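Below is one structure, written out as structure tokens; comments come after it.
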Amino acid sequence: MTKSIHPTLNRRTLLGAGAIALASSVTPALAQQKEVLIGAIFPLSGASAQVGVDAKHALETAADIINGNYNFDLPAGKGGGLAGLGGAKVKLVFADHQADPQKGRAEAERLITQDKVAAIVGSFHSAVAATISATTERYQVPYFSADNSSPSLNRRGLKYFFRAAAHDEMFTVAMFDFLDTMRKRGEKVNSVGLFHEDTIFGTDSSNAQRDTAQARGYNLAVDIKYRANSPSLTAEVQQLSSANPDVLMPSSYTTDGILLVKTMSELGYKPKAIVAQAAGFAEKSLFDAVGDKLDGLISRASFSLDLAQKRPVIGKVNEMFKARSGKDLNDNTSRQLMALLILADAIDRAKSVEGPAIREALAKTDIPGEKTIMPWTKVAFGEDGQNMNANPVLLQYLGGKFVTIFPESAAIAKPKWPMN
Amino acid sequence: MSTQSIGIAAGLAQANDRFHAARRRQLMTLVVVVLVISVLPLLVKDVYLQNIMVLTLMYTALSQSWNILGGYCGQISLGHAIYFGIGAYTSTLLFTKFGVSPWFGMAAGGGIAALVALVLGYPFFRLKGHYFTIATIVVAEAALVLFLSWPYAGGALGIQLPAAADNWANLQFGRNKLPFIYTALALATITWLVTWKIEDSRWGYWWRAVKDNPEAAESLGVVIFNSKMAAAALSAFFVAVGGSFYAQFVAYIDPDSVLNFHFSLLFALPAVLGGIGTLWGPALGAIILIPLTEFTRSYAGGSGQGIDLIIYGALIMLIALWKPEGLIGFFVRQPKPLPASADEGAHS
């Protein structure tokens, strides 16, 4: 710094400059006590970059709610900052994992050792969550899984892993509960057709669906695994078409989902019903592309905007998010937003930014469902860090928008069955 | 004996001396570099920087191994991820299913990879140039799909390395990065030494002859097919050893994180950037490339606007335009012309 100062400067300006330099070096140290740093590791580049960018908006909205002076009946939603830490503000530090488990691990390590984050939120990809959570465990810093859905994650005996949202098995149970209900109503629901991509998401999802279908006496009419990001799904759709199951259950990301719907339409195959494992079928871009062919599609979800009619705070939060991102909250962004609120609430109660203290506070979490933006009954973590009270909902795409159709306690419309 | 031929002999002897002196200098340089790198992690305690050191040394070793086949023998493979994956999966499966030490797994993975390279080489080395490259890409992609569909190896879910006692036998060290740095340094040093040894061996000369002009080499008695096979097996062996190391380091593998096409590129890129077919090219390339990737992602990647990738891409393009022969071009002195008599002799 001194090197760049012009030689003709006199002593007073030099002293002034020194004072400013001194002040600026002291301020961050003071400010740090008023800030709680939380790391957020998401895919911010590559094929899933959009998910990461949306996550950023969701988490920033959550930070606004925590730091701003709102009066929301949500965890950490009242007053400005965290009262337990003298009104400290939450500050997010974002990192990009590029869907690579190695990079996720390295970023977690950097955020913990360099930025001294109190906890980490992540990470969309379950494979990356596996390495991040192994790292946070070593450093005794909580990893809060916002939107990873692999059920294997909470079965590794980790003490610093927490997930408030449902995993794929819980989602699958909800989907089959719905099918059971339709059966009881006298609809013909005997066979299901699985159609899933071959990465960790599709594999986990289809494993759960296969087991549940067999356990509950559904006939597996067809079970197709396809290569993710496939250039063509013609052969696969022909198989689906000839098996023609009563319910088609796809587990696909956005681009594959669009290709599936287009190919089905080209080949003239109209499934009797579709019950999707969200992912691509929760994304706005899929419905922008092929929404006209999907009237009556059903997808599981963690979130339902219809709930805003009963809980006005959801509408307010959604408006805040929309102002940032131009989108409504969806399955992923609602979970990300909620994750930060629950985490901040725990840090507030822990009155500390130390990992073990936050962990203890998280383990004691007991938030009633009405105090969330989700359709959950409550938030309370089991020994394995999983919240088993995260009830999913089923949404149906009707007339260009999603309406909640299941469970009945949350439903605002009767399901249209069959869709075609 | 004519005076002219005496002149040639003297000139050749001189060139030979100079060549061996240069090789000794290379070796001395290695000793200095290894010493400096050994001390470095004792001074730099930051685990993030230490992590970058591990990756840089690992990619140095991997790229050096790729360079044996791609640089010296001139067979451009963009499917070396298959050997990396074989190494990672062999040691991990042996460790998780049978409790076998990863050190043995490393050797086993290397052996299997070398065998696979020979089996694949048999049909592939009948292909030339781009056709060979395409075949390597295809077979690596096939391996990726196979591993995705192989439940015993964890399928798409991958395998998490169970936390065992932190010691050298298990090659697990908790938060401590130092052992990984030294293991990676050892790996990079060994691949360098193997390459150094090869440069002045019969294989080394054969490989470079195959690369420069296969027809001329063949007319001089070089067995081209065998040369390529040997280079491929050696190259595959060390890439697989690197794969086992990676699996231990990250403690989690799935098909996409060890068999993905981008690994094949990452093995070739440092060598190409630093100087393909040279002793120091891969190391030089890795020292620039890996920290650049990591720093740009960590400190510019959080914006979500891809600035890191723009910087990264632009720098690679700049280097490619500025020094197409690789960064090594900055360091290599132009060789002095041989004495006039030898020159004349060679031309007459």
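The values are calculated or read from the model by the stated rules, or taken from the named source; none is laboratory data. It should be emphasised that the depicted structure is a prediction, and the values quoted were computed from it without experimental measurement. Every residue, glycine among them, receives a Cβ derived from its backbone with ideal geometry; neighbour counts consider all protein chains shown.
Some values worked out for this structure:
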item: Filter result for the condition that a residue is free of Cβ contacts under 8 Å to residues at least 60 places away in the same chain and on the phi < 0 side of the Ramachandran plot, over A:Asp168, A:Asp147, A:Asp96; result: A:Asp96
item: Residue match in segment B:39-47 (condition: in a loop (DSSP other than H, G, I, E, B) and within 13 Å of B:Val239 (Cα to Cα)); result: no
item: Segment B:285-296, subset more than 12 Å from chain A (Cβ to nearest Cβ) and buried (at least 22 other Cβ atoms within 10 Å of the Cβ), residue modelled with the lowest pLDDT; result: B:Leu289
item: One residue from A:Ile373, A:Ile347 being assigned by TED's automatic domain parsing to the domain that holds A:Gly84 and under 17 Å from the mean Cα position of the chain (by Cα); result: A:Ile373
item: All positions within segment A:113-125 that are buried (at least 24 other Cβ atoms within 10 Å of the Cβ) and within 12 Å of chain B (Cβ to nearest Cβ); result: A:His125
item: Qualifying positions in segment A:150-165 - within 13 Å of chain B (Cβ to nearest Cβ) and either more than 18 Å from the chain's Cα centre (by Cα) or at positive phi (or both); result: A:Arg155, A:Arg156, A:Gly157, A:Leu158, A:Lys159
item: Selection count where residues are within 14 Å of chain B (Cβ to nearest Cβ), in contact (Cβ under 8 Å) with a residue 60 or more places away in the chain and farther than 20 Å from A:Ile258 by Cα, scope segment A:201-246; result: 1
item: Those residues of segment A:65-96 which are within 9 Å of another protein chain (Cβ to nearest Cβ) and surrounded by 24 or more Cβ atoms within 10 Å (Cβ to Cβ), in sequence order; result: A:Ala95, A:Asp96
item: Residue that is nearest to the chain's Cα centre (by Cα), among those in segment B:31-52 that are more than 14 Å from chain A (Cβ to nearest Cβ) and closer than 16 Å to B:Pro291 by Cα; result: B:Ile37
item: Checking B:Leu178 against (1) within 14 Å of chain A (Cβ to nearest Cβ); (2) surrounded by fewer than 17 Cβ atoms within 10 Å (Cβ to Cβ), the condition it does not meet; result: (1)
item: Options B:Leu78, B:Leu94: the member that is under 21 Å from the mean Cα position of the chain (by Cα), under 23 Å from B:Phe238 (Cα atoms) and among the aliphatic types (A, V, I, L, M); result: B:Leu78
item: Answer residue from segment B:6-41, given it is closer than 17 Å to B:Asn176 by Cβ and touching a residue at least 40 places away in the same chain (Cβ under 8 Å) and is surrounded by the fewest Cβ atoms within 10 Å (Cβ to Cβ) among those; result: B:Ser38
item: Residue in segment A:389-411 that is of a type in the set (Gly, Ala, Ser), on the phi > 0 side of the Ramachandran plot, buried (at least 23 other Cβ atoms within 10 Å of the Cβ) and within 21 Å of the chain's Cα centre (by Cα) present; result: no
item: Qualifying residue in segment A:174-185 (condition: on the phi < 0 side of the Ramachandran plot, touching a Pro at 6+ places or on another chain (Cβ under 8 Å) and within 13 Å of chain B (Cβ to nearest Cβ)); result: no
item: Of all residues making up segment B:138-159, the number that are touching a Ser or Thr at 6+ places or on another chain (Cβ under 7 Å) and either assigned to a helix (DSSP H, G or I) or away from chain A (no Cβ under 11 Å) (or both); result: 4
item: Helices (runs of 4 or more DSSP H) enclosed by segment A:214-321 - at least 1 residues per element that are in contact with a Phe, Trp or Tyr (Cβ under 9 Å, 6 or more places away or on another chain) and within 29 Å of B:Glu141 (Cβ to Cβ); result: A:234-243, A:254-266
item: Failed item, numbered, when B:Leu93 is tested on (1) farther than 24 Å from B:Ala143 by Cα; (2) in contact (Cβ under 8 Å) with a residue 24 or more places away in the chain; result: (1)
item: Single residue of segment B:297-321 satisfying the filter (β-branched (Val, Ile, Thr) and in contact (Cβ under 8 Å) with a residue 12 or more places away in the chain) that is farthest from the other protein chains (Cβ to nearest Cβ); result: B:Ile319
item: Selection count, segment B:88-124, where residues are closer than 14 Å to B:Leu161 by Cβ and small (Gly, Ala, Ser); result: 5
item: Restricting segment B:297-315 to residues that are at pLDDT 85 or above and surrounded by 19 or more Cβ atoms within 10 Å (Cβ to Cβ), the residue that is nearest to B:Gly275 (Cα to Cα); result: B:Arg297
item: Every residue from segment A:321-334 that is surrounded by 20 or more Cβ atoms within 10 Å (Cβ to Cβ) and either at pLDDT 90 or above or among the polar types (S, T, N, Q) (or both); result: A:Phe321, A:Leu329, A:Asn330, A:Asn332, A:Thr333, A:Ser334
item: Test: residue in segment B:104-114 that is at pLDDT 95 or above, part of a helix (DSSP H, G or I) and within 14 Å of chain A (Cβ to nearest Cβ); result: no
item: Residue within segment B:160-170 that is hydrophobic (A, V, I, L, M, F, W, C), surrounded by 16 or more Cβ atoms within 10 Å (Cβ to Cβ) and assigned to a helix (DSSP H, G or I) present; result: no
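Quick grid of which residues meet (1) at pLDDT 95 or above; (2) of a type outside the set (A, V, I, L, M); (3) surrounded by fewer than 22 Cβ atoms within 10 Å (Cβ to Cβ):
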| position | (1), (2), (3) |
| --- | --- |
| A:Leu111 | yes, no, no |
| A:Thr131 | no, yes, no |
| A:Arg138 | no, yes, yes |
| A:Asn154 | no, yes, no |
| A:Glu187 | no, yes, yes |
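For every residue, the table says whether it meets (1) among the polar types (S, T, N, Q); (2) more than 27 Å from A:Val173 (Cβ to Cβ); (3) not assigned by TED's automatic domain parsing to the domain that holds A:Ala339.
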{"site": "A:Asp256", "(1), (2), (3)": "no, no, yes"}
{"site": "A:Leu260", "(1), (2), (3)": "no, no, yes"}
{"site": "A:Ser265", "(1), (2), (3)": "yes, yes, yes"}
{"site": "A:Ala273", "(1), (2), (3)": "no, no, yes"}
{"site": "A:Gln277", "(1), (2), (3)": "yes, no, yes"}
{"site": "A:Glu283", "(1), (2), (3)": "no, no, yes"}
{"site": "A:Asp288", "(1), (2), (3)": "no, yes, yes"}
{"site": "A:Gly291", "(1), (2), (3)": "no, yes, yes"}
{"site": "A:Asp295", "(1), (2), (3)": "no, no, yes"}
